[in-house]
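Written below as structure tokens is the structure these notes are about.
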Amino acid sequence: SDHMENIYGYLMKYTNLVTGWQYRFFVLNNDAGLLEYFVNEQSRHLKPRGTLQLAGAVISPSDEDSHTFTVNAASGEQYKLRATDAKERQHWVSRLQICTQHHTEAIGKNNPPLKSRSFSLASQGSANSPGVQRRLSQNAVSFFNVGHHRLPTGKRVPIMQPDHLVDVREMMSQAEGQQRDLIRSIECLPVSGHLTSLDQDLLMLKATSMATMNCLNDCFHILQLQHASQQKGSLPAGTTISWLEPKISLANHFKNGAAQNFPAEVNKPASVREEQSIAEPCHLTREPEEINPDEELEDTCDDKEDDLGAVEEQRSVILHLLSQLKLGMDLTRVVLPTFILEKRSLLEMYADFMSHPGLFIAITNGATPEERMIRFVEYYLTSFHEGRKGAIAKKPYNPIIGETFHCSWRMPKSEVPTEAGSSFSAHSPSEQVILSKDLEGQTELDYYTVKFVAEQVSHHPPVSGFYAECVERKMCVSAHVWTKSKFLGMSIGVTMVGEGLLSLLEHGEEYTFSLPCAYARSILTVPWVELGGKVNINCAKTGYSASINFHTKPFYGGKLHRVTGEVKQNMTNTVVCRVQGEWNNVLEFTYNNGETKYVDLTKLSVTRKRVRPLEKQGPFESRRLWQHVTESLRDGDIDKATEHKRALEEQQRNEERLRAETETPWCTKYFLKEGDGWVYHKPLWKTAPAAQTQQTDTN
């Protein structure tokens, strides 16, 4: 076949952080199933500098750019390569994939299924623990005999029955439980002494057992696909194959409204089974739900993050995790240890950025376009402090697809700055709580309501959408954020890809803005968070813009959490306001008239959000969905929290596979895809009367 010709040429190969990218001459040897490279074309007659076996390899175009791709060999070795352009990358990727498939299938043909036989591990093990040997041998016999009976020649191989897959799934569940017990036993060993949890052989055992279970899960997945393809031809159109994983209870939520109830997995804790099956009766649809703010109560949760004693105790886990990571590795699919989690979802963290609703509402009170832009910058810079729960670098829960979070704030009208240069509310947190409670007795006209909704609209890549509005002031803000995390050595970087839009309908103005990157530093000692990068805020109608720089601390000297910025009129290139300070401490605003204002974020009042009680929340609202994980973290039971977290992650992965196999697209609930972004399904600019949304700006 002309698709199997040998190809060769120069590609850039990433070596390491010091050496970086280097040009190397690559040769695809289709006959041998090898990818070889040399220093240059003239050295082709010499021994290759490197060789990868392509049988069983995975060829993946990178999402970093249109030129890069990776070759992941079955041995675990990886080449990160870069072509000169997208067309050349596609040429190499397609030829490599064809060669890989050819040699992978050849291995399968040359290795037919094993004959039925007893498979004993006892003869290979030590005689020191016959009880363990006997138990392993019995499990192995029952496991490896499944599906390996060779039939007489000429007889048709029967289609595997659903019950067979049920049995295999049950055996694999038992094996997974044993593997978890093994990992737990190793991790419970001391970090010093004769036998430690960091022993090289034990780390190898952990990695090997994990790889084995992953391989078995992949094999089981292939069996499911094979059976599904065999069955589809004999089933009526529209029939749903609901028995693919009957032993794992899958949430009705992931069926996009389909109501199916599977029996819970018998070897899971009761609370985990409840988590997986969502046992309580509910009619889940993807229709948007209108949340009544009157049902929401002032939030009483005060989950201050603990000190880092737990991190010190779990140092061996961190070391083991770091040993498996590579510089620049995308951490989206890496499962991080539970003890580093915050007690809230990422969706709720976005809501906490709105903890100063008075400053948000005050934006539209600005008398001129210049003042409104400055007020937006003031609000923007004060939002990050409360979004981070303290200085400790902990990670919020990764939202599962379809997860939502709802809340609202009530802000007394008397506390919203109106005139230019109005000072911020300086009530202490305790005074603010009293003020919030007093709101219960006020009439509707005495306060503004800001409503918030967030939804996880995509799992891979992980994209969240959120929207907030104040109907009384005819203003709303929406954004979509793709969180891309990468391993940077002794720190982790998170890039917030996406864009936000603030709409002031009274003035007919729209402000676009971006978000800074976040970094978790010193992850082996005392992790801390800093923000970095340049963000821009623009209003096309008025011609005002802002440029804000979040400065990361230099290696030597320098201040932490420093931020600088300026607001200018683009038409005249005039700077009308400058800002400097720390985004989590004190900010200094200097105006072009010479006035200066200081904002102390440590004294800035925080308005508590209002949320519905758990019993009134839907099964996939953040707090109810993660309640068992949160409760376990509050109790300090890391193992139990990990079990609950794993149950949620397993059901998400299983349902993602099922949707891919059945080619069923995911339907979002509150946000709609528009181009490369996501927008709220019913934004205020669509629902507000047209006559009220435009106002002639005489300024």
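Estimated at the nearest 10 Å², the accessible area of Trp678 is 40 Å² with a 1.4 Å probe. Of the residues Ile374, Ile98, ranked by 1.4 Å probe accessible area with the largest first, the sequence reads Ile98, Ile374. Label-to-label distance, Asn549 versus Ala106, with points set 7 angstrom from Cα along the beta-carbon direction: 5.7 nm. Our summary of shape: the Cα atoms of segment 7-107 have principal axis extents of 38, 34, 25 Å, ordered from largest down, in whole angstrom. Of the peptides 493-504, 29-40, the ranking by mean beta-carbon count within 10 Å, highest at the top, reads 493-504, 29-40. The separation of segment 454-531 from segment 619-690, counted between C-alpha centres, amounts to 17 Å.
Pairs with C-alpha atoms separated by more than 32 Å, drawn from the list Lys568/Lys609; Lys640/Lys673; Lys486/Lys682; Lys616/Lys673, are Lys568/Lys609; Lys640/Lys673; Lys486/Lys682. Taking all protein chains as shown and a probe of 1.4 angstrom, His91 keeps an accessible surface of around 80 Å². The heavy atoms of Ile492 present about 40 square angstrom of accessible area, all protein chains included, probe 1.4 Å. For Cα pairs less than 8 Å apart in space and 6+ apart in sequence, what is the mean separation divided by the residue count of segment 7-107, i.e. the relative contact order in percent? Taking the mean separation of contacting Cα pairs over the length of segment 7-107, I get 23 percent. Per-peptide packing, taken as the mean over residues of other Cβ atoms within 10 Å, places 662-675, 579-592 in the sequence 579-592, 662-675 from highest down. Sorted largest first by accessible area at a 1.4 angstrom probe radius, with every protein chain in place, the residues Cys188, Cys517 fall in the order Cys188, Cys517.
The values are calculated or read from the model by the stated rules, or taken from the named source; none is laboratory data. Quick caveat: nothing in here was measured; it's all calculated off a predicted structure. We place every Cβ from the backbone using ideal geometry, glycine too, and count neighbours over all the protein chains shown. Ligands, DNA and RNA are excluded from the accessible area calculation, which covers all protein heavy atoms including side chains. Shrake-Rupley method; radii C 1.70, N 1.55, O 1.52, S 1.80 Å.
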